[in-house]
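K.L.:
Have a look at this one before I ask anything.
The values are calculated or read from the model by the stated rules, or taken from the named source; none is laboratory data. Every value quoted in this text rests on a predicted model; they were computed, and no experiment measured them. All Cβ positions, even for glycine, are placed from backbone atoms using ideal geometry, and neighbour counts span all protein chains on display.
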Amino acid sequence: MNKYGIPYVRIFEPAVIINIENIEFGKYVMIDSFVLIQAKRKIKIGDHVHIPSFSSITGGGKLVMEDYSGLSSGVRIFTGSDDFKDWGFGNPTIDERFRNVKIGEVIIRKFAIVGANSVVLPDVEIGEGAAVGAGSVVTKNLEPWGIYIGNRKIGERNRKDVLKNFENFLTTSEPERTGPFFRQ
């Protein structure tokens, strides 16, 4: 299940992780089959984070996924992208001096969730507890505890009850908190 031998991390095959040495893993991290992570720069994945099947993290920039954050199936996180507006052309088969590559970072704060098949572009921060609806394209920072379709806020999450539930979680023993993939 985990050819990388990282304690408290479950990586299901065939996941592809390029430059795993650039990734700092928390505890109880689960990366499903058919995930692609390209870590050209530092990636930090906090505790109790799930990266599900058919998701990818690419672009060459920095990513931070704080504790208890998560993605849904098919999410694409781009930490860098070619900018075709001005002088650049091509793709990775062309030397970077001919391309207008913009490298940034993506930060996904504690308790935030990104819905299925969404795309997050570089230089975006998804605030604590924010929920992004399925099929969204996120191009701007999202405020904490909001519910979003793309960049448009459509509601508020129940911050009080989420944090109350989290307090209950913290009062249980570590083995009781974890999903079945981490129980020995």
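K.L.:
Can you name the residue in region 73-87 that is assigned to a loop (DSSP other than H, G, I, E, B) and within 26 Å of the chain's Cα centre (by Cα) and is also surrounded by the fewest Cβ atoms within 10 Å (Cβ to Cβ) among such residues?
P.N.:
Step one: of region 73-87, the residues assigned to a loop (DSSP other than H, G, I, E, B) are 73-75, 79, 83-87.
Okay, now just the ones that are also within 26 Å of the chain's Cα centre (by Cα), so 73-75, 79, 83-84.
Details: 73: 16, 74: 18, 75: 25, 79: 26, 83: 13, 84: 11.
Result: 84.
K.L.:
Further question on the same structure: Specify which of the listed residues (129, 146, 133) is within 21 Å of residue 67 (Cα to Cα), at pLDDT 95 or above and touching a helix residue (DSSP H, G or I) at 6+ places or on another chain (Cβ under 8 Å).
P.N.:
Every option except 129 fails the conditions.
K.L.:
Take the residues in region 1-31 that are under 20 Å from residue 113 (Cβ atoms) and touching a residue at least 40 places away in the same chain (Cβ under 8 Å); name whichever of them is nearest to the chain's Cα centre (by Cα).
P.N.:
Top of the filtered list is 30.
K.L.:
Then there is this: So, residue 70, is that one crowded, with 17+ Cβ neighbours inside 10 Å, in contact with an Asp or Glu (Cβ under 6 Å, 6 or more places away or on another chain), under 28 Å from residue 177 (Cβ atoms) and not charged (D, E, K, R) or not?
P.N.:
In short, no.
K.L.:
List the pairs whose first member sits in region 47-64 and is polar (S, T, N, Q), whose second member is surrounded by fewer than 20 Cβ atoms within 10 Å (Cβ to Cβ) and assigned to a loop (DSSP other than H, G, I, E, B), and whose Cβ atoms are under 6 Å apart, counting only residues at least 6 apart or on separate chains?
P.N.:
Close Cβ pairs (under 6 Å, with a partner that is surrounded by fewer than 20 Cβ atoms within 10 Å (Cβ to Cβ) and assigned to a loop (DSSP other than H, G, I, E, B)) amount to 53/32; 53/33; 53/34; 53/73.
K.L.:
Every residue in region 50-101 that is among the aromatic types (Phe, Trp, Tyr), modelled with pLDDT under 90 and farther than 28 Å from residue 114 by Cα, please.
P.N.:
Pass one, region 50-101, residues among the aromatic types (Phe, Trp, Tyr): 54, 68, 78, 84, 87, 89, 98.
Subset that is modelled with pLDDT under 90: 84, 87, 89.
Matches in region 50-101: 87, 89.
K.L.:
Limited to region 7-52, what total is found for residues that are of a type in the set (Asp, Glu) and in a strand (DSSP E or B)?
P.N.:
First pass over region 7-52, keeping only residues of a type in the set (Asp, Glu): 13, 21, 24, 32, 47.
If we keep only those that are in a strand (DSSP E or B) too, we end up with 24.
Residues meeting the conditions: 1.
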